[in-house]
Amino acid sequence: MDHDHSPAAIRERLDEGPRLSYLRDFVYGGIDGAVTTFAIVSGVVGAQLSASIVLILGVANLLADGFSMAASNFSGTRAEHDERERVREMEHRHIRLYPDGEREEIRQIFARKGFEGEELDMIVERITSDDDLWVNTMIQEEYGLPMEIRSPWVAAGSTMLAFVICGAVPLLPFFADSENAPAWSLAATLFVFFGIGSAKSRWSVIPWWRSGLETLSIGAVAAGIAYGVGVLLRGLAAA
């Protein structure tokens, strides 16, 4: 989306700081929720078990696996914060103990960007005159770490919410206890896969239909594997 490029608008955006995106957390949770729940549905249907078994296993998956994914995302995002703070403390220590070496690192970083001569000297002097700016520059340029990291709580909540919403879809037809529940579950789940893929294309350069089909294919493969396992286990049980 285009935005205003007037000086006042630019100043306002910079004052607000970068807007963190939780799109990947939502997409990650949504796809996994739909895939794992429908995988359970496919496996149970393949094994010709009752609808009540589908619901019991499906709801258990929504709560347990959804929480597990959210907790894992929380821990992973917290680890990003911890890593950045560890690097920050280390760089502050290095500046105190080895200022000449750290200054040379700044010089070489910006020399690689094409700066040289007096211009390079000015950049090095400006950055190394402020310890916080110096450390922040090293965090980004030497370690490739972002200055802004997503909130662990929001990331985990986005994953859990998407997992439960999308993961519940394959189960809904079984509450009606209809003979056609498996077919309706398949249709609804494929729609969710395609919908997630189409929606995320808004933030990419991939056409909506291509993104939708890509996500749809991932879910279809997972469902096919689970259904095959269910059929295999049914055959083993019969033997």
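Observations, loosely collected:
- Rolling a 1.4 angstrom probe over the protein heavy atoms with all chains in place gives the chain an accessible area of 61 Å² per residue.
- Nearest-0.05 FRET efficiency for Trp208 and Ala187, computed from C-beta distance (R0 25 Å): 0.80
- Local charge for Tyr143 was computed over the other residues whose Cβ lies under 11 Å away, with Lys and Arg +1 and Asp and Glu -1, and equals -1.
- Environment charge of Ser21, counting only residues whose C-beta is closer than 14 Å and scoring Lys/Arg +1, Asp/Glu -1: +3
- The angle separating the long axis of helix 51-97 from the principal Cα axis of greatest extent in the chain is about 10 degrees.
- Applying a DSSP loop filter and a limit of 11 other Cβ atoms within 10 Å to the GluC sites (Glu not before Pro) in segment 125-209 leaves Glu148, Glu179.
- Residues Leu186, Leu161 ordered from highest to lowest accessible area at a 1.4 Å probe: Leu161, Leu186.
- Accessible surface of Ile196, taken over heavy atoms with a 1.4 Å probe and every protein chain present, rounds to 20 Å².
- A full extension of the chain between Arg11 and Ile149 corresponds to an added length of 47.5 nm, given 0.36 nm per residue minus the alpha carbon distance.
- The string of couplings for segment 169-175 from the Karplus curve (6.51, -1.76, 1.60, θ = phi - 60°) is 4, x, 8, 3, x, 7, 5 Hz, one whole number per residue in order, with x for Gly and Pro.
- Carbon plus sulfur fraction of accessible area for segment 105-227, probe 1.4 Å, in percent: 61
- Cα centroid separation, segment 157-191 to segment 38-110 (Å): 26
- Net lengthening on full extension, His81/Phe115 (0.36 nm per residue, minus Cα-Cα): 9.1 nm
- Residues of the chain were split at every exposed loop site, defined as trypsin sites (Lys or Arg not before Pro) in a DSSP loop with at most 12 other C-beta atoms within 10 angstrom, and the longest piece left, sites excluded, is 114-239.
- Prolate/oblate/rounded call for segment 1-106, Cα gyration tensor, a/c under 1.5 rounded: oblate
- 20 Å reach of a label modelled at Tyr98, 7 Å along Cα-to-Cβ, counting backbone N of segment 136-173: 136-145
- Sequence of Tyr143, Tyr227, Tyr22, Tyr98 when ordered by accessible area, the most exposed leading, probe 1.4 angstrom: Tyr98, Tyr227, Tyr143, Tyr22
- Normalised by 2.2 N^0.38 Å, where N counts its residues, the alpha-carbon radius of gyration of the chain equals 1.44.
The values are calculated or read from the model by the stated rules, or taken from the named source; none is laboratory data. Model, not experiment: these values are computed from the prediction. As a convention, Cβ positions derive from the backbone with ideal geometry for all residues, glycine included, and neighbour counts pool all protein chains shown. Areas reflect the complete protein model, heavy atoms only, side chains present, ligands, DNA and RNA absent. Shrake-Rupley method; radii C 1.70, N 1.55, O 1.52, S 1.80 Å.
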